[in-house]
Amino acid sequence: MATMAATAPPAEVPAASPHVATPVPEAHAAATAPAPPVTHAVDADAKALVPSAPAEPAAATEGGAMVPHEKVETEPGTIVHMERALQKVEHDKLHHNVKAWEENAKTKIESRTQRELAKIAAWEATQKTKAETKNRKAEESLEKQRAKNLERMKNEIAAAHKQAEERRALEDAKKGQDLLKTEETAAKIRATGIFPKKFGCFSA
């Protein structure tokens, strides 16, 4: 039994299936295998696979050196360079128009403010002139009224003085008449020696 087992022919290896990968030596596989687009890092705590960012593709120049695509695309004459130049022109044009509009709007605001301030100053001057004119007219009216009152007072004083003089003259005339009458009566009493009864206690 032991001899038969030792001399038994080796088992046939089944043919490789088209869906099963054929084993390849490690050195040859490392040389021919393409670089993986994504690498994975193992987190010691979470033990989760995190893909790293893919490397930037490179483009070859005429000299054979590898340069980034962005540098190639932004070189003068490329479509990207022309588009970016056009965008810059549009951006500069927009900023220039905005600045011009802003300055024009500020100029209009300043002009409108100056016009309104001038109107306010003119209105204030007009109101001041009206007030001064009104006060001057009131003072003139007061002066006229004061002069009128003064003239009326003088006339009243003169009239009173005239009337008083007339009354004084009448009193003086009456006094003279009464004195003359008294002297005549006294002379008559002396001549007759009789006091009239109307004199009361002076009669006999």
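Some points to look at:
- Some residue of segment 184-195 being exposed (fewer than 10 other Cβ atoms within 10 Å of the Cβ) and of a type in the set (Gly, Ala, Ser): yes
- Among (1) farther than 30 Å from Lys198 by Cα; (2) open to solvent by 70 Å² or more (accessible area, probe 1.4 Å) - the single one Ala159 does not satisfy: (2)
The values are calculated or read from the model by the stated rules, or taken from the named source; none is laboratory data. Quantities reported herein were computed from a predicted structural model and do not represent experimental measurements. We place every Cβ from the backbone using ideal geometry, glycine too, and count neighbours over all the protein chains shown. Side chains included, ligands, DNA and RNA excluded: accessible areas come from the protein's heavy atoms. Shrake-Rupley method; radii C 1.70, N 1.55, O 1.52, S 1.80 Å.
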